[in-house]
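Taking it in order: structure first as structure tokens, then the write-up.
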Amino acid sequence: MDFPAFPDAPPLFSADEKETLASTQTDAKRFRELISEKTKAYNDLFHDLYPIEKLVKGLSGLYDEVMRAAWMRSGLDKIPSVAMIAVGGYGRSELHPKSDIDLLILLKDDCVPPAQEIEAFITFLWDLKLDVGHAVRTITECAELAANDITVITNLIESRTLFGDEELLANLKLKVDVNHMWDGQSFYRAKLAEQKERHAKYQNTAYNLEPNLKECPGGLRDMQVIDWVAKRHLHTHRLSALIDKKFLSEDEYTQIKGAVSHLWRIRWALHTIVGRKEDRLLFDHQRTLAKEFGFDDEDLKRNVERFMQGYYQSVAAIQQLNDLLLQHFEESFLSLEPNPAIEVINERFQVTNGQLEIRSADVFTQTPSAMLEMYKIMGDRGEITGIRANTMRALRDNLDMVDESYRVDPVNTALFLDIIASRYRMTTVLRSMKHIGLLGRYLPEFGAIIGQMQHDLFHIYTVDAHTLQLVENLRRFLLPESRSNFPISSQAIRHIAKVELLYIAGLYHDIAKGRGGDHSELGCVDAREFCERHGLTKPETELIEWLVRHHLLMSVTAQRKDISDPEVIWEFASIVKNQERLDYLFLLTVADINATNPTMWNSWRASLMRQLYLETKRALRRGLDSPIDADMQSDEHKQRALEILIERNADIIEAEKIWDDIEDEYFIRSNGDEIAWNTEAILQHRPSTKPLVAISPLGGRNFSGASKVFIYTPIASHLFAVTAALFEQMGLTILDAKISTTSDNYSLDTFVVMESAECHDINLHLDHERIELMKKTLIEQLDSPSLYESVIKRFTPRHLKIFNAPSTVQFVSQPEEVWSALEVTAPDRPGLLALIGQFFMEHDLMLHKAKIATLGERVEDTFYITEENGDLIADSTRMTHICDALKNSIDRFSQATEH
């Protein structure tokens, strides 16, 4: 990669230093001292904002001197048939502080390898603590490898001689010339396949939470692909030569130069901070880099987000130009057809070999609305496979015409609504519009969230990528395969009146992220302005506004509140008000959860959302003036359980005797299927006095994901602490807990558990041996507890240690005060639930139910507790003491697990 020369250059070794390097009396220690001194000088220049291009090339020149000195002291300079060749990044004269130094020791075909001298050379470089990769090959061996390996031929394209006979490399390059092997077309195809494979390793997105700035889509490697293809086919040795060949405009060259310079500066700083070669922007490095790049106000999270937004914008620019140039290459010299198939659509557009193309270079200048019309055509015609490179470039060159008057033009607003209503590939169209820059210009509020990350482990995409993924999820609900994966969503989306309103709400639900304040409320303002500008009716506008304002309501209610409580359902239904809103909100919520972090959507969350949807649907049908009361719900659940038990030939008289001893709350908050399962297990277990443990997959035997664990045992204060510790020791995560008691001092506990995040794709119920081991261990420990005395200690993953915000603990009000609700927000740590269970035991608190939500690096749990005798916790002094004491315990625990 080439950049304009600067009038000054970073310091290389002085004449005296070169003499010291050349002396055989200079030991490795002195070499390292000289390298360290120069590296420090380069780092000082870096901090003084010296041009990174010169630093990278200057450091390469610095190591050239080291390599030559080491070569000569090893005696290799006296052997005429051997040459030292720089390859890879070093061959391009691009080195960062801890980059690999790749060398080829090239031999004449009839040369016997000077093994002793080569060994001395490499050993000395290792003594210098340099990361040197080397190969020893003859010219013929190199040519044979290059003929079959795209990586080898790529390295040789940008190789240079550091010491020795330059004719050796010249002869090698003649052998691997485009006329002999890897012609331009085959080289292009191989590099394109290599790039696709590399992108797939990073989920084909540049917007990873901890991206690799070299290998991810839009990373430095993508720019090198352009460089390599141009060198191989066009025989260019400078990227700027593509301007003369009409493959690159001056503006595009400047954009590439700026983006690459930015990534180079990040990479230089990263190597310096870590002290070794590192291309991954890990969370802890992001914090340090944000400060290094001048983001140093008090809001650490915001600093990182601003730094990363700049990074994402640079990789987006590289990815855009990579796509554009590769397509241009293909159209220009790989896919030439003497008689291309052309279908004229109108006076502005035609389809050439399946791709949309403008019919004249000034289409967008003469008819600016054609920029949106082009995407409307794509959405209307399923046979169009893409857009021609000349058309994309023309569109990019005219984006400055998209101004405020363009945005309010009725022709353009109608075209955009047509795009939202596209029959084919609507999200592909929106992504293409974003990629080229049109979507951010037409919707400036969307442009503001491009590259906007959230510095946490829950939101794994940038806001713009998440938003378009949400819209794509909504579209997928219309596909036949969604009927099995998302049955309610698949049915609901076919019943809503206008699906485009759902897409618009999806586009705007997070539009105000990063502005500060309540993004739901701020987003309503933008959504309303969009609706008014695009001529939507008042009811349509009100629906979209309502969805944006309440887009978190359903997930928060399902995951944080006790949705088995009729009062909670009535409260939620009172906000939703009608079936139409319920359908729209349910669809938006399911799509949102899956677009935030796909691993968060599991059988448990699916069951919560299904339960809340169906219970609310029933409440709306019944009428908000006629809410179901607790007794009615209890009777319905009992009746359903009786029907199941009768079908299974259970002893109904004995079953009802068991029910007579159980507290009423159990029947209110357990559905008929669960009551029948628990009752049947107890009937089969009696008269044993040992703890009963029964395990069943949530949703049926063939449903992967979460499992229900039912425990029936004498009441004991240590029960939750012991159980939580055991589950965590087994690598299981508790998602939900319900604890009920009987008049004969027994406890009926139901836990919903699933594999930990690292093993979320494992189905516990396929491992029968593990199920039996779980039962055996739980029975033994509950019968003779020992674990509750010390909280379980397990390794805390690196990415969790980075996030250690102080916990918050507070009591919150509920619609119906049956229990006191204690909300805990804290960093996620192995053993946390066991710690909280032990705290309840030590402070004479009785746990009745727990709602556990792990959201990336933090947990947001709600515990429904009473005093040990069952009384509500009403005294404010007692509440304050519980909150302060638990917060202190959690914070001490979180800090201890950092080390």
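Could you give the angle, 0 to 90 degrees to the nearest 10, between helix 426-436's Cα long axis and the longest principal axis of the Cα atoms of the chain?
Roughly 40 degrees between the two axes.
Please get the size of the charge dipole for segment 505-613, origin at its Cα centre, with Cβ charges of +1 on Lys and Arg and -1 on Asp and Glu, quoted in debye to the nearest 20. If you can, show how the numbers build up before the last one.
Values: 12 positive and 16 negative charges, 46 e Å.
Here the size comes out at about 220 debye.
Over segment 443-627, what is the relative contact order in whole percent, taking alpha-carbon pairs under 8 Å and six or more residues apart?
24 percent
Positive end of the charge dipole of segment 15-182 (Lys, Arg +1 and Asp, Glu -1 on Cβ, about the Cα centre): tell me which of ILE118, LEU168, TRP182 has its Cα farthest that way.
My answer, from the dipole projection, is ILE118.
Grab the beta carbon distance between GLU383 and ASP244, set R0 = 51 Å, and tell me the FRET efficiency rounded to 0.05.
On the way: r = 37 Å, r/R0 = 0.72.
For R0 = 51 Å, the calculated efficiency reads 0.90.
Once you keep just the Cα pairs under 8 angstrom separated by 6 or more residues, what percentage relative contact order results for the chain?
Working: 1324 pairs, mean separation 56.9, N = 899.
Relative contact order, the chain: 6 percent.
Express in whole angstrom the spacing between the alpha-carbon centres of segment 266-322 and segment 826-899.
So the separation of the two Cα centres works out to 36 Å.
Stretched out fully, how many nm does the piece from ASP400 to LYS29 gain, at 0.36 nm a residue minus the Cα gap?
On the way: separation 371, 0.36 × 371 = 133.56 nm, distance 5.80 nm.
That works out to 127.8 nm of additional length.
Local charge sum around GLN366 (other residues, Cβ-Cβ under 12 Å, Lys/Arg +1, Asp/Glu -1)? If you can, show how the numbers build up before the last one.
Values: positive: ARG348, ARG359; negative: GLU347, ASP362.
Surrounding charge for GLN366 is 0.
Got the relative contact order for segment 340-442 handy, in percent, Cα pairs under 8 Å and 6 or more residues apart? Could you put the intermediate results ahead of the total?
Working: 116 pairs, mean separation 26.9, N = 103.
Reported as a whole number, the value is 26 percent.
Straight-line reach from LYS38: which aspartates and glutamates fall under 16 Å, measuring Cα to Cα and dropping same-chain residues less than 8 apart?
Cross-link targets: ASP16, GLU17, GLU19, ASP48, ASP64, GLU65.
Which one of ALA885, LEU479, GLY517 is farthest out on the positive end of the charge dipole of the chain, using unit charges on Cβ (Lys, Arg +1; Asp, Glu -1) and the Cα centre as origin?
It is LEU479, whose Cα lies furthest towards the positive end.
Can you give the helix-only mean residue ellipticity at 222 nm for the chain, where every DSSP H stretch with n ≥ 4 adds -39500 (n - 2.57) and the sum goes over all residues, rounded to the nearest 500 deg cm²/dmol? Present the calculation step by step, with values, prior to reporting the outcome.
Working: 41 runs with 480 residues, N = 899.
So the calculated ellipticity at 222 nm is -16500 deg cm²/dmol.
Compute the long axis of helix 166-175 from its Cα atoms, compare it with the longest principal axis of the Cα atoms of the chain, and write down the angle in degrees, 0 to 90, nearest 10.
For helix 166-175, the angle is close to 60 degrees.
Using Cα positions and a limit of under 21 Å, work out the lysines in reach of LYS538, with same-chain residues fewer than 8 apart set aside.
LYS498, LYS577
Where the only charges are on Cβ atoms (+1 Lys, Arg; -1 Asp, Glu), what is the dipole of segment 164-289 about its Cα centre, to the nearest 20 debye?
On the way: 21 positive and 18 negative charges, 52 e Å.
It comes to approximately 240 debye.
Compute the long axis of helix 139-148 from its Cα atoms, compare it with the longest principal axis of the Cα atoms of the chain, and write down the angle in degrees, 0 to 90, nearest 10.
Orientation of helix 139-148: about 40 degrees from the principal axis.
To the nearest 20 debye, what is the magnitude of the charge dipole of the chain about its Cα centre, counting +1 on the Cβ of each Lys and Arg and -1 on the Cβ of each Asp and Glu? Let's see the in-between values first.
Values: 100 positive and 138 negative charges, 424 e Å.
Dipole of the chain, to the nearest 20 debye: 2040 debye.
Please give the residues of segment 106-149, grouped as numeric ranges, whose backbone N is less than 18 Å from a label point set 7 Å along the Cα-to-Cβ vector of SER186.
Backbone N within reach: 140-149.
What is the calculated FRET efficiency for TYR424 to MET632, with r their C-beta to C-beta distance and R₀ = 35 Å, to the nearest 0.05? List each step's numbers first, then the result.
Values: r = 49 Å, r/R0 = 1.41.
Taking R0 as 35 Å, the efficiency between TYR424 and MET632 is 0.10.
Note down the net charge around GLU654, summing +1 for each Lys or Arg and -1 for each Asp or Glu among other residues with Cβ under 12 Å from its Cβ.
Values: positive: LYS657, ARG686; negative: ASP651, GLU656, ASP660, ASP661, GLU680.
Computed value for this residue: -3.
Calculate the FRET efficiency for GLU542 and GLU500 from the Cβ-Cβ distance with a Förster distance of 22 Å, rounded to the nearest 0.05. Don't jump to the answer; show the numbers that get you there.
Values: r = 15 Å, r/R0 = 0.70.
Using R0 = 22 Å, I get an efficiency of 0.90.
Hey, how many Å between the Cα centroid of segment 624-672 and the Cα centroid of segment 384-448?
Distance between centres, Cα-based: 57 Å.
Using modelled backbone amide H atoms (1.01 Å from N, in-plane), which distant-in-sequence or interchain residues come within less than 5 Å of PHE163's amide H?
MET84
Within 10 Å of each candidate Cβ there may be at most 15 other Cβ atoms; applying that plus a DSSP loop requirement, which GluC sites (Glu not before Pro) in segment 824-899 survive?
Values: sites: GLU842, GLU857, GLU860, GLU867, GLU868, GLU898; in loops: GLU857, GLU868, GLU898.
Hits after loop and neighbour filter: GLU868, GLU898.
For the residue pair LEU479 and HIS768, what label-to-label distance in nm results when each label sits 7 Å from Cα along the Cα-to-beta-carbon direction?
3.5 nm
For a quick check: sort ILE450, ILE771, ILE243, ILE419 by the number of other beta carbons within 10 angstrom, fewest at the front.
Working: ILE450 20, ILE771 17, ILE243 14, ILE419 25.
Ordered from fewest to most neighbouring Cβ atoms within 10 Å, ILE450, ILE771, ILE243, ILE419 come out as ILE243, ILE771, ILE450, ILE419.
Bear in mind that the values in this text are calculations on the coordinates, not laboratory data. Please read these numbers as outputs of a predicted model, since none were measured by experiment. All Cβ positions, glycine included, derive from the backbone under ideal geometry; neighbour counts span all protein chains shown.
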